[in-house]
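Taking it in order: structure first as structure tokens, then the write-up.
The values are calculated or read from the model by the stated rules, or taken from the named source; none is laboratory data. The structure displayed is predicted, hence computed values, not measured ones. For neighbour counting, all protein chains shown are included, and Cβ atoms are generated from backbone atoms with ideal geometry for every residue, glycine included.
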Amino acid sequence: MEKSYWVLHKQNKDMEQDNYNLQRFIEAQDLIYPIVLKELQEGRKRGHWMWYIFPQLKQLGYSFNSKFYGISGIEEATAYLGNPVLAQRLREVSETILHLSTNDAVEVFGGIDSRKLCSCMTLFDIVSPDEVFARIIDKYFNGQQDKCTIKIINHLST
């Protein structure tokens, strides 16, 4: 019984520190992350995991998953990169697609998800410039950040 108390106490403490419920990403990724890496290494996304592997601003989506896994703004994106598991995974999948022979995001992700990738990379490039995110924008999007993401960030900052 005492052990259960401490487990619950630790979980509550972790939840208190996780103001953005970043655990939702870890739980979703834990189930599928090796498959995601394999798909990306093969150069073709086949599964339905974009929302929680390459998250974008929640204001850009309309579906339940877009809202649930959407990032609320710069602060949450910063917290996301501050989480060692999420930061490592985002950088790993980003490095994986950076090293593909193609520079066509539509070929890898399809039309809609390639736009989500640009949104995600734009968001995290704003939060953490000079990392892999900018290199993906350069390679796959001719150096053009997602205008809608920038517009929303600017609006949230005013």
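One residue stands out in the stretch 114-138 among those that are of a type in the set (D, E, K, R) and buried (at least 19 other Cβ atoms within 10 Å of the Cβ): the one that is nearest to Tyr62 (Cα to Cα), namely Lys116. If the condition is being modelled with pLDDT under 95 and acidic (Asp, Glu), then the stretch 94-144 contributes Asp130, Glu131.
Check every one of the helices (runs of 4 or more DSSP H) wholly within the stretch 66-158 and list those with 2 or more residues that are without any contact (Cβ under 8 Å) to a residue 60 or more places away in the chain and over 13 Å from the mean Cα position of the chain (by Cα). The qualifying helices (runs of 4 or more DSSP H) are 84-98, 105-109, 111-127, 132-141, 147-157. Of the residues making up the stretch 46-62, just one is surrounded by fewer than 13 Cβ atoms within 10 Å (Cβ to Cβ) and touching a residue at least 12 places away in the same chain (Cβ under 8 Å), namely Gly47. The set of residues in the stretch 95-113 being buried (at least 21 other Cβ atoms within 10 Å of the Cβ) and closer than 13 Å to Phe54 by Cα consists of Ile97, Phe109.
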